[in-house]
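Read the figures in this text as sums done on the coordinates, not as results from a lab. Computed from a prediction, not measured in an experiment: that's the story for all the values here. Positions of Cβ are generated from backbone atoms using ideal geometry, with glycine treated the same way; all protein chains shown enter the neighbour counts.
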Amino acid sequence: MPEMNVAEPAPAETVTEPARRAGFRRLLINLGVASGALSALYAGAGTVLAPQQIEDIDRPHKVAVLGLIAGVSAGFALVFNPIGGALSDRTRSRFGRRAPWLVGGPLALLLVLASIGQIKTVPLMLVGWCAVQSLANLYQAPLTAVIPDRVARTRRGTASAVTGVAMVVGGVTGVGLASLFTAHVGWGYIVLGLLMAGAALSFVFNTADASSAHLPRPPRDTRKLSVRIADFLSALRHRDFACVFASRAGSLMGYFLIVGYELYILTDYIRLPRGMRPAQGLTVIAAIAAVGALLAAAIAGPLSDRLDRRKPFVFISSAIAGAGCLLPVLSPTFGAVELYAAFAGLAFGTYLSVDAALVTLVLPRQENVARDLGVLNIANSGPQVLAPLFAALIIGHLGGYRVLFIVGGCCGIAGALAVLPVRSVR
C-alpha cells in the first residue's frame, strides 16, 4: 500500500518502493518542521510573551487578565478549528486541496503578530489574541489532516511520533526564543511568526499533493442550517470517537490548567534557586520535559505500530501526567517542579505520538477527515477556553496554586479512564 496519499494511490507500476520511501521521509521531515514551528509559536507566545506583556500592562490583575484573554481568545480557536477543517476539505489547488490554508493562515498570522507586540492596553490585547487564535487554527486544522490524508494506517504511529517529537522540540525552542525577548516582546512575536511562516511555505512547496487537485469538488450544501450543524457534529454519535474526544478533553484540561500559568507559578509559588529568574526557570523545566517527551515519543509511536496497540499507551500516559501533578503540591520547590516536568514530558511524549494515531483510527468517514478532526479539536480548544478561567478562579479564590495542581491531576486521570471503553482499536 502506498505510504502517501492513501485517498488516491498511484499505480504500483509507476511508483517504485524507494521513491515511495523517499517521499514518505520527505513528508515526515517537512510535516515535523511545520508542526514544531506551530508548537514553538503556541509555547513561546502563550507561556512567555503574552504573560510577560500582560504583567507589563496590568501587574496587579495579571492572573485575572491572563485568564480572561486566554479563555476568550481560545473560544475563537474552538470555532475556527473545525471551520478551517471543513473549508480545507472543499478546497482544491495544484499543490493540494489544503495548500491555500496552509500558506494563507501563517502569512496573515505573521502580520497580526508583528502588530500585537506594540499593544499597551488590555482590550486591544484581547482583540489581538482573538485574531491570533483564529488564524492559527485555520492553519492547524488542515495541517492536522495531513496524516490521515497521506499516510498509510500501518505507519500512522510512526508519523505521529515524528510530529510529537517535533512539537516537543518546537515547544522548547519557542520558550527558549521567547525568553530572550522578555524585555522586547514585540520582536519575540515577529521571530516566532517568521519561523512558522517559513516552515509552512517549506511544507507546501516541498510536499505538494498534486493528485488531490484532481479530486471532485464536493457539491454545495443547500440543507437547512440546523441539519448542517447536526451533520457537522455527527461524528460524536460514534461511540469510539466520543470516547477519544472525552479522553483528549480531560487530559488537555489538566495540561492547560497549569501550562498557561507556569510563569506566574514560578514567580509566586515555587521557591527558585538563588539568582534564577522565572523566565530562566521556565526554560529549564521546558528542556527537562522535552528530553522526557523526546525519549517517550521516539519509542512509543513505533512500538505502538509494532504491537498494534494504542489504548494502553494513551491510558498510561494520561494517568502518569495526572499523578505527576501531585509533586509540586507535596513540595513547592524547584526540584519538585523539575521532577514534575520529567514525568509530564514522558507522559506528553507518549500521548502525542500515540493519541494522534488513535484519533485517525476512529474517524467515521474518510471523505470528511479534516472536518471530523476539526470537531475532535474542540476537545483541544474547549479546555483552552475553560482552563484559564477556571485556573484564575482557583488561584484567586479556591486555594491557590496548590489546588490548581490537584485539579489538574484529577483531570489527567479522568482522561486516562475515558479511553478504556474504545472498542474498535486495541
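Numbers for the structure displayed
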{"item": "Rg/Rh ratio calculated on Cα atoms of the chain (Kirkwood radius)", "result": "0.96"}
{"item": "Using θ = phi - 60° and Karplus 6.51 cos²θ - 1.76 cosθ + 1.60, couplings along segment 71-79 (whole Hz; Gly, Pro as x)", "result": "x, 5, 5, 5, x, 5, 4, 4, 7"}
{"item": "Largest-first principal axis extents, alpha carbons of segment 233-371, Å", "result": "56, 32, 25"}
{"item": "Under the Karplus curve 6.51 cos²θ - 1.76 cosθ + 1.60, θ = phi - 60°, whole-Hz ³J(HN,Hα) for segment 53-69, x wherever Gly or Pro sits", "result": "5, 5, 4, 5, 7, 8, 4, x, 10, 4, 5, 5, 5, 4, x, 5, 5"}
{"item": "Charge tally in the Cβ shell below 13 Å around V354, where Lys, Arg are +1 and Asp, Glu are -1, V354 excluded", "result": "+4"}
{"item": "Alpha-carbon Rg/Rh ratio, for segment 42-104, with Rh computed the Kirkwood way", "result": "1.20"}
{"item": "Cα principal axis extents for segment 312-354, largest first, Å", "result": "32, 13, 8"}
{"item": "Contact order relative to length of the chain, as percent, for alpha carbon pairs under 8 angstrom and 6 or more apart", "result": "28 percent"}
{"item": "Choice from L31, L330, L294 with maximal GNM fluctuation in the chain (Cα, 10 Å cutoff)", "result": "L330"}
{"item": "Relative contact order (%) - criterion: Cα under 8 Å, at least six apart; region: segment 262-414", "result": "31 percent"}
{"item": "R0 of 22 Å, Cβ-Cβ distance D268-I406: FRET efficiency to nearest 0.05", "result": "0.80"}
{"item": "Expected 222 nm ellipticity per residue - DSSP helices of 4 or more, -39500 (n - 2.57), all of the chain, to 500", "result": "-25000 deg cm²/dmol"}
{"item": "Taking N as its residue count, the alpha carbon Rg of segment 289-368 over 2.2 N^0.38 Å", "result": "1.25"}
{"item": "Sequence ranges 105-118, 141-154, 159-172, ranked by mean other-Cβ count within 10 angstrom, highest first", "result": "159-172, 141-154, 105-118"}
{"item": "Sorted largest first, extent of segment 71-144 alpha carbons per principal axis (Å)", "result": "42, 22, 14"}
